[in-house]
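The block underneath contains the structure these notes are about, expressed in structure tokens.
Here, each number is a calculation from the coordinates, and none is a lab measurement. For clarity, every value in this text was computed on a predicted model and none was experimentally measured. Cβ atoms come from the backbone with ideal geometry, glycine included; neighbour counts cover every protein chain shown.
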Amino acid sequence: MMSTGSKWHRSTDTTLGRALDGILTSPKATVGAILTLFLVLTAIFGPWLAPQNPYDLGAIDFFDARLPPMSPSMNGSIYLLGTDGQGRDMLSAMIYGLRTSIAVGLLSGVVALVVGTALGMVAAYVGGRVDALIMRLVDLMLGLPAILVALMLLAMLGQGVWKVIFALVLVQWAQFARAVRAAALVERNKEYVEAAVSLGLSRPRILFGHMLPNCLPPIIVVGTLQVASAISAEATLSFLGIGLPITEPSLGLLIANGYKVLLSGQYWISVYPGLLLLILVFSINVVGDRLREVFNPRFLGR
Amino acid sequence: MTVFILRRLLQSAGVLLATSVIVFLGVYAIGNPADILIAADATQLERQSAIVALGLDRPLIEQYWIFLSNALRGDFGRSFVFNQPAISLILARLPATLELALVALIIALVVGIPLGLVSGLKPNTLVDETIMTGSILGFSLPNFWQGMMLIMIFSVWLGWLPAGGRGDTAQVLGITTSLLSWDGLTHLILPATNLALFNLALVIRLTRTGVREIMPLDFIKFARAKGLTERRIVLVHVLKNIMIPVVTVVGMEFGSIIAFAVVTETIFSWPGIGKLLIDSIMLLDRPVVVSYLLVVVFMFVIINLLVDIAYSLLDPRIRLRDTQ
């Protein structure tokens, strides 16, 4: 850590500083973080970057359907990654799919983080029956495979963006709750909490103003890894045909479209969106893995 | 030991009861059970008689009692599509899924434990870095896409292995299996690999962490001082101690292997319960969906019970603590 210079040295006092320092001291994590940032920016500015709007019926030409990569289009431009069954430019469809995938993954991750963190903090601080009840629920949720719960829920509810987000939140909040509770239990017995109590601060203020900042490390780690798994889970559900509707095509749906023509050799329709999904999830996971290493007390001093 | 098993049995029964309440509420209270359990193309008269026959005109508690007692007798209703009892559809396809899941689990363990051992014994070397990056890749590869790539490479391009189906099966003791014929085995390789990959990555990590925690401990130093060979220390003493976390987590993961078999079976047209589930969801064949859920949860509970027993056999401290 010394070799990174005094500039980073000062920033390691805060949790976010430590996280940033941890990422920058690992070449692998740095590459992962840069890739993630690049993909997020691509998603945000997608409509301005994509060669065509793949969902504007006026822009696509059915005669251009299923062209291999690098084919020229009817109007002279080049389809870098080929076209799909409707004659859409694959690259543009992928950029739009990336937007949907990241938005759904991030949104469900954030909601699960808020719900799980709140419940975990309350369980640790209040204790007793409330704690027992919340933890029983956590055990139940973690005991069942996430994909199965989401699958059954969507089988009952039907398709839809908000239904998918709801299902993803439901299967993810318990991870946060468990991690936050464990961290908060340690914090609760520290002197600064005692000091805050004797100062007569209100419970919410102690919980969220004083203890929460000290519970950030596990929240950051679990949050990073959960966003990756949410993106992956959404893609899986959409591939199975019970996730996002056809009007909101995520990367998973693009891959599903290519599945039907894979055996006839038109590989590009599913290979490229899949590669993009893989790079996205892998980059986030590499960063998350590094953060876990940085923040895990078991690795300290080794 | 008996006290321990009895206690676990009671807990398992509790979990099953809780699940039955949740499934019941999901089907009967949130949705309209008449829509879920009666085929959409039923006439008004058929609908009325079905409502009476299913007891949907009675109070909720009484309905739950009927649901529970039917479920206990293995009666989950009839499939709209196949017009057979839903449970017999599930049971007929269960062996195919179990076979796939078991082979996937074996692949994960046989490949994952040695890789994790190597990685943990040589931490922070190039080999370790490569294996660990590979395991993150294993976690990140979307299961369904990875399966499609296997098909593309090994079936479409190279033409070595079939792209789907179960191949020739043989009957052993009344169970149909693909394991005994060459054709069956070639059909099994790709789907089992597809299903194994995620857990392979998990086993690598668990083993590596276990090795790194155990190596600095005193009993390893003692074994070295006693003059045991490094080979014996690793293969006997270290391996024995990492089996506890590996068995627990892998046992728990067997449930999620069965859940993920839904994806694998869909891609490889493997005729198991996962493919049946997706087909049933698409065809709105709710009784099959409901019985799938209950059967799978029942299996989870049994597996967790077996894992707990295995766990207590491997680590006597747990058994002792629990019976006191």
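Things worth noting here:
- Förster radius 22 Å - calculated FRET efficiency between B:L217 and B:K122 (Cβ-Cβ, nearest 0.05): 0.75
- Other-chain or far-sequence residues with amide H under 5 Å of B:R78's (modelled H): B:A86
- Rounded to 0.05, the FRET efficiency of the B:R7 and A:K190 pair, given R0 = 41 Å and the Cβ-Cβ distance, is 0.70.
- FRET E, pair B:L313, A:L133, Förster distance 41 Å, beta-carbon r, rounded to 0.05: 0.80
- Taking 7 Å steps out from each Cα toward its Cβ at B:R224 and A:A182 produces label points 2.9 nm apart.
- Projecting the Cα atoms of B:P142, B:L158, B:S312 onto the dipole axis of region B:86-314, where Lys and Arg carry +1 and Asp and Glu carry -1 at the beta carbon, places B:S312 farthest toward the positive end.
- When the Gaussian network model of chain B links Cα atoms closer than 10 Å, the mean-square fluctuations of B:L283, B:L16, B:L105 top out at B:L283.
- Descending by average beta-carbon neighbour count within 10 Å, the peptides A:235-245, B:289-299 line up as A:235-245, B:289-299, the highest first.
- Of interest is the spacing of the C-alpha centroids, which for region B:193-209 and region A:22-56 amounts to 28 Å.
- Given +1 at the Cβ of Lys and Arg, -1 at the Cβ of Asp and Glu and no other charges, the dipole of region B:86-314 around its Cα centre is 700 debye to the nearest 20.
- Per-residue 3J(HN,Hα) values for region B:205-213, derived from phi via the Karplus relation 6.51 cos²θ - 1.76 cosθ + 1.60 with θ = phi - 60°, read 5, 4, 5, 4, 4, x, 4, 5, 7 Hz in sequence order (x marks Gly and Pro).
- GNM flexibility winner over chain B from B:S155, B:S69, B:S119 (Cα, springs under 10 Å): B:S69
- Sorting A:E248, B:E46 from the fewest to the most surrounding beta carbons within 10 angstrom yields B:E46, A:E248.
- Exposure proxy ranking, count of Cβ atoms within 10 Å, fewest first, for B:W157, A:W48: A:W48, B:W157
- Derived scalar couplings ³J(HN,Hα) [region B:247-257; Karplus, 6.51 cos²θ - 1.76 cosθ + 1.60; whole Hz; x for Gly, Pro]: 4, 4, 5, 5, x, 5, 6, 4, x, 6, 5
- Rounded to the nearest 20 debye, the dipole size of region A:140-206 about its Cα centre is 80 debye, using +1 on the Cβ of Lys and Arg and -1 on the Cβ of Asp and Glu.
- The alpha carbon centroids of region A:117-165 and region A:177-197 are separated by 22 Å.
- Our coupling estimate for region A:182-188, obtained by passing each phi through the Karplus curve with A = 6.51, B = -1.76, C = 1.60 and θ = phi - 60°, is 4, 5, 5, 4, 5, 5, 4 Hz, Gly and Pro reported as x.
- Label-reachable residues, region A:261-293, where backbone N falls under 13 Å from a point 7 Å from A:L106's Cα toward its Cβ: none
- Nonlocal amide H pairs with A:T83, under 5 Å, H built at 1.01 Å: A:R66, A:L67, A:M90
- Furthest towards positive pole of dipole, A:F239, A:G127, A:L91, structure part chain A, Cβ charges: A:G127
- With the Kirkwood sum run over all distinct C-alpha pairs, the protein assembly as shown has a hydrodynamic radius of 26.9 Å.
- For the protein assembly as shown, a simple Cβ point-charge model (Lys and Arg +1, Asp and Glu -1, everything else neutral) yields a dipole of about 2040 debye relative to the Cα centre.
- Per-residue average of Cβ from other chains inside 10 Å of A:134-147: 3
- Think of the protein assembly as shown as having a plus end and a minus end, set by charges on the Cβ of Lys, Arg, Asp and Glu; of B:A104, B:T266, A:L49, B:A104 sits farthest toward the positive end of this dipole.
- When B:M282, A:M135 are arranged by Cβ crowding within 10 Å, least crowded first, meaning fewest neighbours, the order is B:M282, A:M135.
- Principal axis box of chain A, alpha-carbon based, largest edge first, Å: 75, 53, 32
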